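Enquirer: Take a look at this one; I'll ask things after.
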Amino acid sequence: MKTMKTFCLICLCLWATLMRAQVLDRSAFELLNLDYPGLEKVKTACDAGDTLRAAEELLAYYRSRTGVSTPDLDLEHLSLSERERGWADDALEHTFYVHDGYQPPFNYGKDIDWRYWPVQDNELRWQLHRHKWFTPMGKAYRLTGDEKYAREWVLQYADWIKKNPLVEIPKALYELQDDAEGEAENVRFAWRPLEASHRLQDQINQFLLFLPSPSFTPAFLTQFLSNYHRHALHVMRNYSAEGNHLLFEAQRVLYAGAFFPEFKEAAGWRKSGIDILNREIKKQVYPDGGQYELDLHYHPACIDIFCKALRMADVNGFRSEFPQSYTNTIESMIVFYMNLCFPDYTNPCFSDAKRGSRKGDIARYKAWAKLFPDNAQIRYFATEGKEGLPPANLSKGFLDSGFFAFRNGWGKDATVMVIKAGPAGEWHSQPDNGTFELWVQGKNLFPDSGSYVYEGNEEVTRLRNWFRRTASHNTLTLDGKNLEDRVSHTKSWQPEGEVQSLVTEHESYKGLTHRRTFFFIEGSYFVIVDEALGDATGTVNLNWHLCDGKVNIDPEHLTLSSAFEGDVQVKLQCFAPRHTVLKEEEGWYSTAYRQRTERTSVSLNTPKASEPLRYITVICPYRLPEGEPKIKARFAGESRIEVSVDGQKRTLAY
């Protein structure tokens, strides 16, 4: 009997706490178009001054509303992964999943401290305010019927509103690190337009998932709508200036206007999002389909943004507001992406890219295939080659965005080198002109350095700068410094025949032009000619970075020979000017946020006077039990070289 009384007392306390968090927000009715079809009873109650009754009628309206849809949630076929269930259950104790780079997740206290910042990484604090655990809580509620998830969500939602008030700060402070103080310092994290737009999108799903709950009361509905309206206006007034942030924000404002047409400004929200997306797809996407941040992680994310807008338009009947050119550009972006990924669906980690997953990319292709059912290439990747056709080409160049792929096949036994050498790119791009990744029969032999982390305090920024610097890439530097100019020019591109080639050139530093020539020989091995031209003086560094695993270094012959686990091996040998010294360097690469792997890295260092320097590097992948290839190479004039691999000689013009 005593146990039952205690249980009842606990339930009563929980209910009292919940009710205190739910105060009717009468201003919500001023935000709505009460003449909207279906709101007749709401308007009648408002006209009579009975706002409680109006809130009850409004909740009844939303619980029975038809004719408005979201493509992102299918209530009839909900699923909750074990990982999501863990996020939902942990969230009940205020242990919040925020970022994959920080595991296990942090606990934010019984009385939630939304300003808790255990590691001074800006991403950790920004992404806390994306509330990634809210939707899993909603799924858990719908699939189990356990009210604890809904009750806790309502409490956390109201707690966030109370502790993170929106105050006006200069727009520029949302991207700065140290200039905001006090309440403004919190606002730049909690209300950065990107995070606010993230909530704007995800709260649509949360609204639908929790709507039937007894905890979702009429009073809470008014709080929710007022808060949602505040978000939409804030994002519109503080759109990011450019880049993927602007695309995300516009797409999510479009979502807000489409899903909540009852708001007076809803039509304007929808139009704002559509206008920006129609404008930016022309500005941010090169004619060859490459997105101007030159990052093969954000590139498919931008494809998804454009596609999500189309799907929302499809299910709500306004597809005609996007021209055919918009759809055509999306298709060209997909073709661009498929040509620059490896046969296992992974992408090169140039710039700030993270390595995607096979499962995730196949899901993407399946979604893309629904929008482009007649594209046999997209269907090929969506079905893992069971249907459709692979691209007719092998090697492929995208000269506007400066990406190139040498490829001898589309199967798992292929050899694929992807090169980045084009425009400067936007924020996520790195000073890495001429770098490449080489994937051979399932093994990435030369992974790019990646980015490891973004920005934060001095230590976090130091780590980012190390991965980002030019010397951490497979390219040429002067005195180990970052490139002063980040615009490469394609001088020649020949993607067919037994000898395929690419010549790129850029003025890396004042007085030094770096010309790099790639040869792909018989679909088997690579020859790279590097020329440091101009009168600049100092030490020229030719930087090479292999994957993890044992690598034998021969400084005398400027040779790297792998002894990796498995069959796939590689030999790199450089034929350099006199007085070149090989030095082993610190080596890391990162394919996921705050995850890094040690690897062999070297620099070949040559003193440079005013005369040009020229190098030949031969990269020969091979497979055990084949023996290590024997390599010879020399310059045979101003624009010719002779190369011999296992006695097979070739003369190459460049």
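The values are calculated or read from the model by the stated rules, or taken from the named source; none is laboratory data. These numbers were taken from a predicted model, which means no experiment stands behind them. All Cβ positions, even for glycine, are placed from backbone atoms using ideal geometry, and neighbour counts span all protein chains on display. When the accessible area is computed, the model is the full protein with side chains, heavy atoms only, and any ligands, DNA or RNA have been set aside. Shrake-Rupley method; radii C 1.70, N 1.55, O 1.52, S 1.80 Å.
Enquirer: Return the sequence-ordered ³J(HN,Hα) values of region 406-413 in whole Hz as given by the Karplus equation 6.51 cos²θ - 1.76 cosθ + 1.60 applied to θ = phi - 60°, using x for Gly and Pro.
Expert: Residue by residue, region 406-413 yields 8, 8, 10, x, 10, x, 5, 8 Hz.
Enquirer: With N set to the number of residues, divide the alpha-carbon radius of gyration of region 309-412 by 2.2 N^0.38 Å and report two decimals.
Expert: After normalising by residue count via 2.2 N^0.38 Å, the value is 1.14.
Enquirer: Here's something else I'd like to know. Ignoring ligands, DNA and RNA, what accessible area per residue does region 378-435 give at 1.4 Å, in Å²?
Expert: 35
Enquirer: Using a 1.4 angstrom probe on the protein heavy atoms only, could you order Glu57, Glu40 from most to least accessible area?
Expert: Output order, biggest surface exposure first: Glu40, Glu57.
Enquirer: So for the chain, averaging the separation of alpha carbon pairs under 8 Å that are six or more residues apart and normalising by length, what relative contact order in percent results?
Expert: 9
Enquirer: Between Gly356 and residues 5 or more places away or on another chain, which pairs have amide H atoms under 5 Å apart, with H built 1.01 Å from N, and which residues are they?
Expert: Long-range HN contacts for Gly356: Asn347.
Enquirer: Can you give me the angle between helix 298-316 and the longest principal axis of the chain, using Cα atoms only, in degrees from 0 to 90, rounded to the nearest 10?
Expert: On a 0 to 90 degree scale, this one is about 40.
Enquirer: At each listed q (0.20, 0.22 Å⁻¹), what is the log10 of I(q)/I(0) that the Debye formula gives for region 128-210 modelled as equal alpha-carbon point scatterers?
Expert: -0.88, -0.99
Enquirer: Still on this structure, please answer the following. So how strong a dipole does the chain carry about its Cα centre when Lys and Arg Cβ are +1 and Asp and Glu Cβ are -1, to the nearest 20 debye?
Expert: 760
Enquirer: Starting from the 7 Å offset along Cα-to-Cβ, what nm value, one decimal, do you get for the label separation of Leu166 and Ala392?
Expert: Each label point lies 7 Å from its Cα, and together they span 5.2 nm.
Enquirer: Once the Cα atoms of helix 243-259 and of the chain are each reduced to a long axis, what angle between those two axes, in degrees from 0 to 90 to the nearest 10, is obtained?
Expert: Helix 243-259 and the main axis of the chain meet at about 30 degrees.
Enquirer: Sticking with this structure for a sec: So for Glu195, Glu185, what's the accessible-area order with a 1.4 Å probe, most first?
Expert: Accessible-area ranking of Glu195, Glu185, largest first: Glu185, Glu195.
Enquirer: If packing is taken as the average number of other Cβ atoms within 10 Å across a peptide's residues, how do 257-269, 642-654, 276-288 rank, most packed first?
Expert: Order by mean packing, descending: 257-269, 276-288, 642-654.
Enquirer: Could you please tell me the mean projected area of the C-alpha convex hull for region 290-339, averaged over all directions and given in square nanometres to one decimal?
Expert: Orientation-averaged projected area of the Cα hull: 3.4 nm².
Enquirer: Long-range amide H contacts for Gly538: which residues qualify at under 5 Å (H placed 1.01 Å from N, peptide plane, sequence gap of 5 or more or a different chain)?
Expert: Lys608
Enquirer: Over region 207-289, give the accessible area per residue in Å² for a 1.4 Å probe, as an integer.
Expert: For region 207-289, the solvent-accessible area averages 29 Å² per residue.
Enquirer: Rolling a 1.4 angstrom probe over the protein chains, ignoring ligands and nucleic acids, what is the accessible area of Ser226 in square angstrom, nearest 10?
Expert: Ser226 exposes around 10 Å² with every protein chain in place.
Enquirer: Roughly how much of Asp47 is accessible, in Å² to the nearest 10, using a 1.4 Å probe?
Expert: Surface accessible to solvent at Asp47 totals approximately 120 Å².
Enquirer: Quick one: angle between helix 193-210 and the longest Cα principal axis of the chain, in degrees between 0 and 90, rounded to 10, please.
Expert: Long axis of 193-210 versus the principal axis of the chain: about 50 degrees.
Enquirer: Could you give the Stokes-Einstein D for region 202-331 in µm² per second, using the C-alpha Kirkwood radius, 25 °C, 0.890 mPa s?
Expert: 157
Enquirer: Within the set Lys308/Lys420; Lys283/Lys608; Lys132/Lys162; Lys132/Lys443; Lys443/Lys510; Lys110/Lys359, which residue pairs have Cα atoms separated by over 31 Å?
Expert: From the list (Lys308/Lys420; Lys283/Lys608; Lys132/Lys162; Lys132/Lys443; Lys443/Lys510; Lys110/Lys359), the Cα-Cα distance tops 31 Å for Lys283/Lys608; Lys132/Lys443; Lys443/Lys510; Lys110/Lys359.
Enquirer: What chymotrypsin sites (Phe, Trp or Tyr not before Pro) does region 34-131 have in DSSP loop regions with at most 16 other beta carbons within 10 Å?
Expert: Taking region 34-131 and a limit of 16 other Cβ atoms within 10 Å, the loop chymotrypsin sites (Phe, Trp or Tyr not before Pro) found are Tyr116.
Enquirer: Let me ask something else about it. For the chain, what does the helix formula give at 222 nm: sum of -39500 (n - 2.57) over DSSP H segments with n ≥ 4, over the residue count, nearest 500 deg cm²/dmol?
Expert: Rounded to the nearest 500, it is -11500 deg cm²/dmol.
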